[in-house]
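The values are calculated or read from the model by the stated rules, or taken from the named source; none is laboratory data. This is a predicted model, so every value here is computed, not measured. Positions of Cβ are generated from backbone atoms using ideal geometry, with glycine treated the same way; all protein chains shown enter the neighbour counts. These accessible areas exclude ligands, DNA and RNA; they are computed on the full protein's heavy atoms, side chains included. Shrake-Rupley method; radii C 1.70, N 1.55, O 1.52, S 1.80 Å.
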Amino acid sequence: MSPPSSSLYSPGRLRPAPAATVGRWARVSCSLPMNGYAPGAGDRGAVRVREARALPAAAAPQDAVGQLRAAVGALAAGALPPAPSGIIRIEVPVRQRVDAVEWLHAQSALPRCFFSARAPSPGTPALAAGNGNGGLGGRRKEPVSVAGVGSAVFFRGTDPFSLADWRAIKRFLSKDCPLIRAYGAIRFDATSDVSVEWEDYGSFYFIIPQVEFNELEESSVLATTIAWDDSLSWTWKNAVDDLQSLLQKISPCSVEVNTSSLHTTIMSLNHVPTKASWDLAVTKALQMIKERERELVKVVLARCSRYITDTCIDPVELLACLKVEGQNAYQFCIQPSDAPAFVGNSPEQLFHRKYLNISSEALAGTRARGKTRADDFQIGQDLLLSSKEDIEFTIVRDSIKKKLEMVCDEVVVYPSKALRKLPRVQHLSAQLAARIRNEDDEFEILNTLHPSPAVCGLPTEEARHFIRDYEIFDRGMYAGPVGWFGGAESEFAVGIRSALLGKGHSTLVYAGAGIVEGTNPSFEWDELDLKASQFAKLLQYQEQHIRYQEAENMGTVI
């Protein structure tokens, strides 16, 4: 595919293109498996069969693939199940630990997903004890990373994610089958116009993978999941036939990935908004914040940077490079069939639930890391003592605490403010823990916490309205919830430090900055560059080689 044209944005937000093409990426028609999202699906109750079956352990993934093919073949040759709906996971333990990214790199099937749990954080409040991946001490028995291809069942809708949609997903999940999980993402703002590059994601997109590789701390698991529901026009035979076809395409080997660079060069770069338009939008936000009759206290404005490179970038290779920098962060990749891939390295947890226990965190304020230990310490102290950053952080922390108190009986915050140091940046952070009254309150936790003041502002609706008026690109899943639902446990990150990769030579990188009283527009622009630097470095950013362009912000209301 030749490089796309330099024109990325029409006046205002993009509207859907003709069916033959979607923005810069050609849309290829393809048949899709069962969509678990359907009117009334969430009211039908759990599917009739929910099982997890374990086969004998294998020495290597190659042996595990053969065992799964034989097991599914036996299902196909056997009697039809007596139930009209169900989901069955068949897994083979693998005695050696294999990198989930390298397994995913060897696969060609779509859709695909990847989610890497964040390392346990020190200082987690005591109330959250037992919360698995969300921030506990001890050796984690849960997967370190999960990679999946194919779709046993997917969930995609165009209306805002609702309680009925959550129930439609949960009917396929069970406490007795904890590793049957639905991985995906939700739009930042499902009421805003959808641009063509995000069209295949809908307002939410989740999949339960057909074939899944779990990387554990000392071993691995290769699994396959089969789901059917006669009421959704996806029979047992449909499911078995589709799974057998996919298993024949599964590579039994892993492929090593270069984690140092992507061997590509940036040919051009443009930002939306331009620096001039950014300054105007920030100035307008500051004016509204200072007006006493206005309620706006904080708003988070974002930038979309379009990189044109001389080679196509493989999303899995980018993911592997991000993992190297991913200390104390979540890595994720979501890619529907024949669609761009949403890839990121987020430091921020939205929430983690295990049974009734909830953990969350506040993250705000940004500084670069120092070149020396002494320099790094001084920069951290400046961040801790900055009155402007303290205002922004306090808004985020106190808002999350109040939101949790709306749904939970107990909320604990500890520490109240600390430094979170990442490879390139450092932030102010606080850990929060709470306990919900009922596991069905999980949807309320998600619905209440998103969007947080760290990615939207405060008050939420005033900030969201400002973003709709002054941002001329579609955030899509950027800054939205990214993660997974399970039967007894769920975990979501905030989809920041992320990019959208198309099939051509174009990559969209997203970054945002909080605007509060005392903000300097130029400083916040520099913060955007800092947050996007992990992508710029991997794309071999060299200023002298870039044909730098600033897209015209036609249609922007300032």
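Scanning the stretch 384-408 for residues that are aliphatic (A, V, I, L, M) and open to solvent by less than 40 Å² (accessible area, probe 1.4 Å), which turns out farthest from R369 (Cα to Cα)? Looking at the filtered set, the residue picked out is V407. Scanning the stretch 66-82 for residues that are at pLDDT below 95 and either part of a loop (DSSP other than H, G, I, E, B) or under 31 Å from the mean Cα position of the chain (by Cα) (or both) yields G78, A79, L80, P81, P82. Candidates in the stretch 270-297 are the residues that are of a type in the set (D, E) and in contact (Cβ under 8 Å) with a residue 24 or more places away in the chain; of these, the one that is nearest to A463 (Cα to Cα) is E295.
Annotation: D474 fulfils all but one of (1) at pLDDT 95 or above; (2) surrounded by fewer than 24 Cβ atoms within 10 Å (Cβ to Cβ); (3) part of a helix (DSSP H, G or I); the unmet one is (3). Taking the stretch 280-313 only, how many residues are at pLDDT 95 or above and acidic (D, E)? Summing the residues that are at pLDDT 95 or above and acidic (D, E) in the stretch 280-313 gives 0. If the condition is being out of contact with any His (no Cβ under 7 Å at 6 or more places or on another chain) and part of a loop (DSSP other than H, G, I, E, B), then the stretch 255-292 contributes E256, N258, T259, S260, S261, L262, H263, T264, P273, T274, E291, R292. The residues of the stretch 56-65 that are modelled with pLDDT of 95 or more and open to solvent by less than 40 Å² (accessible area, probe 1.4 Å), listed by number, are A58, A64, V65.
Residue-by-condition table, conditions (1) closer than 26 Å to R167 by Cα; (2) touching a strand residue (DSSP E or B) at 6+ places or on another chain (Cβ under 8 Å); (3) among the charged types (D, E, K, R); (4) crowded, with 17+ Cβ neighbours inside 10 Å:
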| site | (1), (2), (3), (4) |
| --- | --- |
| E410 | yes, yes, yes, no |
| S416 | no, yes, no, no |
| S429 | no, yes, no, yes |
| N438 | yes, no, no, no |
| H450 | yes, yes, no, yes |
| L458 | no, yes, no, yes |
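Taken as a whole, the stretch 106-113 holds at least one residue that is under 25 Å from A57 (Cβ atoms), modelled with pLDDT of 95 or more, of a type in the set (G, A, S) and out of contact with any Lys or Arg (no Cβ under 7 Å at 6 or more places or on another chain). For the residues R397, R420, the requirement of being out of contact with any helix residue (DSSP H, G or I) (no Cβ under 9 Å at 6 or more places or on another chain) and touching a residue at least 40 places away in the same chain (Cβ under 8 Å) singles out R420.
Selection within the stretch 341-380: residues that are without any contact (Cβ under 8 Å) to a residue 24 or more places away in the chain and polar (S, T, N, Q). The member of this set that is surrounded by the most Cβ atoms within 10 Å (Cβ to Cβ) is Q378.
Would you confirm whether or not the stretch 185-206 contains a residue that is polar (S, T, N, Q) and under 16 Å from G486 (Cα atoms)? Looking for residues that are polar (S, T, N, Q) and under 16 Å from G486 (Cα atoms), one finds none in the stretch 185-206, hence no.
Of the residues making up the stretch 5-12, not a single one is open to solvent by 40 Å² or more (accessible area, probe 1.4 Å), at pLDDT 90 or above and in a loop (DSSP other than H, G, I, E, B). Across the stretch 216-241, what is the number of residues that are assigned to a strand (DSSP E or B), out of contact with any Asp or Glu (no Cβ under 6 Å at 6 or more places or on another chain) and open to solvent by 10 Å² or more (accessible area, probe 1.4 Å)? Total satisfying the criteria: 1. Name the residue that is nearest to V194 (Cα to Cα), counting only residues in the stretch 479-529 that are open to solvent by 10 Å² or more (accessible area, probe 1.4 Å) and under 14 Å from the mean Cα position of the chain (by Cα). Among them, the one singled out is I496.
In the set (1) of a type in the set (S, T, N, Q); (2) assigned to a helix (DSSP H, G or I); (3) surrounded by 16 or more Cβ atoms within 10 Å (Cβ to Cβ), the condition left unmet by S245 is number (3).
Would you check if there is a residue in the stretch 306-319 being in a strand (DSSP E or B), surrounded by fewer than 24 Cβ atoms within 10 Å (Cβ to Cβ), in contact (Cβ under 8 Å) with a residue 12 or more places away in the chain and among the hydrophobic types (A, V, I, L, M, F, W, C)? Yes, some residue in the stretch 306-319 is in a strand (DSSP E or B), surrounded by fewer than 24 Cβ atoms within 10 Å (Cβ to Cβ), in contact (Cβ under 8 Å) with a residue 12 or more places away in the chain and among the hydrophobic types (A, V, I, L, M, F, W, C).
Residues in the stretch 320-340 that are among the small types (G, A, S), open to solvent by less than 10 Å² (accessible area, probe 1.4 Å) and either closer than 22 Å to F155 by Cα or part of a strand (DSSP E or B) (or both): A339 only.
Taken over the stretch 166-194, the criterion of being crowded, with 23+ Cβ neighbours inside 10 Å and more than 21 Å from A38 (Cα to Cα) is satisfied by F188 alone.
Of everything in the stretch 68-114 that is under 14 Å from G150 (Cα atoms) and of a type in the set (S, T, N, Q), the residue that is surrounded by the fewest Cβ atoms within 10 Å (Cβ to Cβ) is S108.
Residues in the stretch 411-447 that are over 29 Å from L322 (Cα atoms) and among the charged types (D, E, K, R): R435, R437, E439, D440, D441, E442, E444.
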